[in-house]
Amino acid sequence: MSFTFNSHHRSFKSLHLPLKIFIFNSTFSRHLTSCSSNRSSNSIDAESFFTSLLQKSTRKVHLSQIQNQLIVYGLQSNGFIITKFVSRSFELKEIDHARQVFDEFPVRHVFLWNAVIRGYSMHKMFDKVLEMYSAMQIAFVNPDAYTFPYVLKACGDLPELGFGRAVHAQILRHGFDNDAFLRNGLLSFYVKCDESASARVVFDQMKVKDVVSWTLIVSGYVQNGDPTEALRVFRNMRESGVNPDWIASVSAFKACSDVGDSNQGRCLHGLVIRMGYELEPDLRVALVSLYAKCGEATAARSLFYEAKVVDVMLWNSIISGFAKSGYASEALELFNQMIARSIQPDAVTIQSSILATAQIGSLEQAKWMESYVSASSYRHDVVIRTALIDMYAKCGSVEMARRVFSRTRTKDVVVWSAMIMSYGINGWGRDAMNLFNEMKMAGVCPNEVTFLGLITACSHSGLVEEGWEVFHSMRDYRVEPLQKHYASVVDMLGRAGDLGKAYRFIEAMPIDPGASVWGALLRACEVHRSVGLGEHAAERLLSLDAFDVGHHVVLSNLYASVGLWGGVERVRGLMRSRGVCKDSGSSAVEIELGTM
DNA sequence: GTAGGGTTAG
């Protein structure tokens, strides 16, 4: 980028006065002196001078001043300085200003395009990123290795699968297919778009798989709800000689907590200690979350209280973990501690505390939470209001839930579904159906949770015919029934005592019935003391999940309810041989330094 | 100037 510093018609002194605002006049004068004394390095000096000036500018007025000086000294067409100028304008959130400078600049080099693309990416204006990328193509400017990562990030975050695929093709066409950085960018894009097959292809074709590539695949499986596979891939990574860093470990901890396997988590914890990541603050969030979610309260607490950095996220990890693992009163106690210490809770803290209240089921506590929310800046937050509706429903007050619902200004499908579910679990089936009609009139499109709420409502109100119809109407709304919908229908038929129909329904399922479906049948058999069908359900259930305490207990209870003590004894023996323990209460946790 | 993670309503 060559350029001549046209200083012959201007005295350098004239620069001095208008730029006083920058407070660093001495530096400024030094630069001017060197510029005038050595003409051959003028261009470099001018560039570095304006670069440092831009770095030090903090306000829009500074940018305008610099712009004026660029014109005064004929530097307004220096592409290097203009690129720096545009970048800095984006950093100072002067987005329109940056764009205007870009639009008015005649010769747009790839660096200048990259600066604008990076600027929009910085402010999460991903539509603009793609718009500029397209404009760049129309202008026949070839993207470089620094253009693609921002564009791929935009495609992944929007997400914009088709656009990203086109970008993938262009990466290949421009000969960047062996760029390890870009391959990871592509992998990230496909993972974010839930395109696991494409992600896998990119991954398999990579000649060099670094820890980032592996982490992307692991987190992809976690995101797809397959934590077991995620942990398998994590082991493969280690076997292939790539050591996990702390970010890779975070994904593995998340996988452990999703499978509910604190033992595996504890082994990995030992590994992390040996690798020296123990004090990494963000890793601690994953660890506290793991132990808290697995009900290992002692381990979670000690990691929490010994943390050097205690930020809101760490508080959230222990509060939400406890709220989900039966330590709801501990979760609320921690929430109170936070308030007592004047630590500002965020939306996640409040959501988790509302969930904890719902678990406890105390209407008094529920009212306190609502008043806390009303006094906070989250009173109109739709996510928080949904949590409040659910909380009141679980505390048994449909009226209070309805009141929160009515006062919610913008009702999305989640809010409607929460209210339908609130009616549902409390046996207000007709109200749930009426609300569903209201929802459709309001032009809100139902989703899979809406239908789950409706079937639950029918099930809990004995509206078997209506529930059956609702289930079969799902396809009219293009909502594919999932395991939980089938399980809910089985539950409904089971409650009504129609075990034969429930069984035939399972047999006719187009997908393989999962544990939730057989579990619903087994519970129905327990209630109606149907031993033969119950044994069948239990057999299928235990073939899917041999180590679940609950399944064994229900089967044992079924035998007991009809006086088949031999059956009870057989189940107990099975539990002993499988190491399944009925009262597996919490115990003190030793951190084991084993390998995974 | 480029890619990966953790808390998160129904």
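Tell me, what is the percent relative contact order of the stretch A:269-401, built from C-alpha pairs under 8 Å that lie six or more residues apart?
Computed value for the stretch A:269-401: 18 percent relative contact order.
The residues neighbouring A:T386, those whose beta-carbon lies less than 10 Å from its own, together hold a net charge of -1 under the Lys/Arg +1, Asp/Glu -1 convention. Only protein atoms count toward the accessible area here, which uses a 1.4 Å probe; on chain A, the carbon and sulfur part of that area reaches 53 percent.
The long axis of helix A:281-293 is offset from the longest Cα principal axis of chain A by roughly 10 degrees. Think of a 1.4 Å ball rolled over the protein heavy atoms: the stretch A:505-578 then has 51 Å² of accessible area per residue.
Helical content alone sets the calculated 222 nm signal of chain A at -22000 deg cm²/dmol, taking -39,500 (n - 2.57) per DSSP H segment of four or more residues and averaging over every residue.
I need the trypsin sites (Lys or Arg not before Pro) found in the stretch A:514-571, filtered to DSSP loop residues with at most 14 other beta carbons within 10 Å of theirs. Taking the stretch A:514-571 and a limit of 14 other Cβ atoms within 10 Å, the loop trypsin sites (Lys or Arg not before Pro) found are A:R529. When only alpha carbons are used to place a centre, the stretch A:292-355 and the stretch A:532-576 end up 37 Å from one another.
In plain terms, if you count all Cα to Cα distances in the stretch A:465-511 and split them into 5 Å steps from zero, the share in each step is 5, 21, 33, 28, 10, 3, 0 percent. The equivalent ellipsoid of the stretch A:505-578 has semi-axes of 21, 15, 8 Å, largest first, where each one is the square root of 5 times an eigenvalue of the Cα gyration tensor. The residues packed around A:L558, meaning those with a beta-carbon under 10 Å from its beta-carbon, carry a net charge of 0 if Lys and Arg are +1 and Asp and Glu are -1.
Roughly what angle does helix A:246-259 make with the longest principal axis of chain A, taking Cα atoms, 0 to 90 degrees, to the nearest 10? On a 0 to 90 degree scale, this one is about 20. If you line up the long axis of helix A:448-461 against the longest principal axis of chain A, both from Cα atoms, how many degrees apart are they, to the nearest 10? Around 20 degrees separate the two axes.
In this rough spin-label picture, where each label sits 7 Å from Cα along the Cβ direction, the A:D179-A:Q223 distance is 2.1 nm. Only protein heavy atoms count here; on that basis, with a 1.4 Å probe, A:S577 has an accessible area of about 90 Å². Placing a label point 7 Å from the Cα of A:R403 along the Cα-to-Cβ line, no residue of the stretch A:434-471 has its backbone N under 15 Å from it.
With viscosity 1.002 mPa s and temperature 20 °C, the Kirkwood radius over alpha carbon pairs of the stretch A:58-176 converts through Stokes-Einstein to a diffusion coefficient of 145 µm²/s. Normalising the average separation of contacting C-alpha pairs (under 8 angstrom, six or more residues apart) by the number of residues puts the relative contact order of chain A at 6 percent. The P(r) of chain A has a tail past 48 Å containing 30 percent of all C-alpha pairs. Computed from the Cβ-Cβ distance with R0 of 25 Å, the FRET efficiency linking A:S376 to A:K124 stands at 0.50. Compute the signed sum of charges (Lys and Arg +1, Asp and Glu -1) over the other residues within less than 13 Å, Cβ to Cβ, of A:V110. Overall, the nearby charge balance is +1.
Magnitude of the charge dipole for chain A, about its Cα centre and with charges confined to Cβ atoms of Lys, Arg (+1) and Asp, Glu (-1), is about 1700 debye. In sequence order, the stretch A:54-64 has phi-based couplings of 5, 4, 8, 6, 10, 9, 4, 4, 4, 4, 5 Hz under the Karplus curve 6.51 cos²θ - 1.76 cosθ + 1.60, θ = phi - 60°, and Gly or Pro positions carry x. For the stretch A:370-446, the alpha carbon positions stretch 33, 27, 14 Å along the principal axes, listed from largest to smallest.
Selection among A:I350, A:V479, A:S556 by position relative to the dipole of chain A gives A:I350 as farthest towards the positive end (Cβ unit charges, Cα centre).
The values are calculated or read from the model by the stated rules, or taken from the named source; none is laboratory data. As the structure is a computational prediction, the values presented were derived from the model and not from experiment. A quick note on method: Cβ atoms are made from the backbone with ideal geometry, for glycine too, and the neighbour counts reach across all protein chains shown. With ligands, DNA and RNA removed, areas are computed over all heavy atoms of the protein, side chains included. Shrake-Rupley method; radii C 1.70, N 1.55, O 1.52, S 1.80 Å.
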